[in-house]
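Visitor: Before I ask anything, let me first share the structure, which is written out below as structure tokens.
The values are calculated or read from the model by the stated rules, or taken from the named source; none is laboratory data. Bear in mind that the values here come from a model prediction, so they are computed numbers and not experimental data. As a convention, Cβ positions derive from the backbone with ideal geometry for all residues, glycine included, and neighbour counts pool all protein chains shown.
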Amino acid sequence: MNKEGTIYTIVFVFIVSFAFVFLLSLTNQATIEQVELNQEIVRQGAILSAMGIAAEGSEEIQEKYGMVATDPDAGLSVATVDGQLVYGTQFAGPGLWGTIEGVLAITADLREIVGIEIVSDNETPGLGGRINEPWFKDQFRGERVAADGIDVTQIAGDGDPDRANSLIDGITGATRTSDSMEAIVNRELQRLQSVEIQQILRSLESQGGDA
């Protein structure tokens, strides 16, 4: 076969491409279980962190997560943390460029946020992507919830220290992402008040231990 001919080139490219695709497929099959396990550990770690449960490393995360009562279908978690009953709810809502996924934790009376963690997002790095930064997430810890929820609004751009005003300092230059976070959190707060969700939470309360 003429190595400079068109047919040889097509056959050569086909064989090389097939070999690479085959190798990638084998690699994917060999690692898919580990990838899924790692994703699950990240999710469990986010739930623990939002609920105020300290855990480091995959083994400790899995161990402490085992003491949390969960309903995967409803995305709900319940645990007693430092003598206080805490609810966790996994959320997914629209951001500026895609879905924002995370976990919101709140006291059982639904009046004080325990914490929030972002699991994944597609927000603009350096702008909306700053919802992952500690200064933004730390504002939620201990924040009181008003009757109509919380407000994420522009204040100083570096965090609001007042835990009693139900205000979260928004991100400078990322109004749409800040508005999305407000809508997502308030939607979850309303969901937790529904009769159906309250019944699930009550059932989980009897299953969760001290974490």
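Visitor: Just checking, which of Arg141, Arg176, Arg187 is modelled with pLDDT of 95 or more and touching a helix residue (DSSP H, G or I) at 6+ places or on another chain (Cβ under 9 Å)? Spell out how you get there, then give the answer.
Guide: Details: Arg141 fails: touching a helix residue (DSSP H, G or I) at 6+ places or on another chain (Cβ under 9 Å); Arg187 fails: touching a helix residue (DSSP H, G or I) at 6+ places or on another chain (Cβ under 9 Å).
After ruling out the rest, the residue left standing is Arg176.
Visitor: Return the residue satisfying two criteria in turn: it lies in the range 68-92 and is in a strand (DSSP E or B) and β-branched (Val, Ile, Thr), and of such residues it is nearest to Arg191 (Cα to Cα).
Guide: Within the range 68-92, the first condition is being in a strand (DSSP E or B), and the residues that meet it are 69-71, 76-81, 84-92.
Cutting the leftovers down to β-branched (Val, Ile, Thr) gives us 70, 78, 80-81, 86, 89.
Details: Thr70: 16, Val78: 15, Thr80: 21, Val81: 22, Val86: 15, Thr89: 9 Å.
Of everything passing the filter in the range 68-92, Thr89 is nearest to Arg191 (Cα to Cα).
Visitor: Tell me, please, whether a residue that is polar (S, T, N, Q) and surrounded by fewer than 15 Cβ atoms within 10 Å (Cβ to Cβ) can be found in the range 116-123.
Guide: Pass one, the range 116-123, residues polar (S, T, N, Q): 120, 122.
Still in the running and surrounded by fewer than 15 Cβ atoms within 10 Å (Cβ to Cβ): 122.
Yes: one or more hits.
Visitor: When you go through Thr177, Thr172 one by one, which is the residue that is surrounded by fewer than 18 Cβ atoms within 10 Å (Cβ to Cβ) and either over 20 Å from Ala79 (Cα atoms) or without any contact (Cβ under 8 Å) to a residue 12 or more places away in the chain (or both)?
Guide: Just a single option satisfies the conditions, and that option is Thr172.
Visitor: Got at least one residue in the range 56-64 being in contact with a helix residue (DSSP H, G or I) (Cβ under 8 Å, 6 or more places away or on another chain), within 27 Å of Ile171 (Cβ to Cβ) and surrounded by 14 or more Cβ atoms within 10 Å (Cβ to Cβ)? Working first, answer last.
Guide: First pass over the range 56-64, keeping only residues in contact with a helix residue (DSSP H, G or I) (Cβ under 8 Å, 6 or more places away or on another chain): 58, 61-62, 64.
Within this subset, residues satisfying the condition of being within 27 Å of Ile171 (Cβ to Cβ) are none.
No, that holds for no residue.
Visitor: Scan Val145, Val195, Val152 and give me the residue that is surrounded by fewer than 16 Cβ atoms within 10 Å (Cβ to Cβ), within 29 Å of Pro72 (Cα to Cα), without any contact (Cβ under 8 Å) to a residue 60 or more places away in the chain and of a type outside the set (D, E, K, R). Steps first, please.
Guide: Numbers: Val145 fails: surrounded by fewer than 16 Cβ atoms within 10 Å (Cβ to Cβ); Val152 fails: surrounded by fewer than 16 Cβ atoms within 10 Å (Cβ to Cβ).
After applying the criteria, what remains is Val195.
Visitor: May I pose another question? Restricting attention to the range 69-114, report how many residues are in contact with a helix residue (DSSP H, G or I) (Cβ under 7 Å, 6 or more places away or on another chain), buried (at least 22 other Cβ atoms within 10 Å of the Cβ) and farther than 30 Å from Pro125 by Cβ.
Guide: Residues in the range 69-114 being in contact with a helix residue (DSSP H, G or I) (Cβ under 7 Å, 6 or more places away or on another chain), buried (at least 22 other Cβ atoms within 10 Å of the Cβ) and farther than 30 Å from Pro125 by Cβ: 2 in total.
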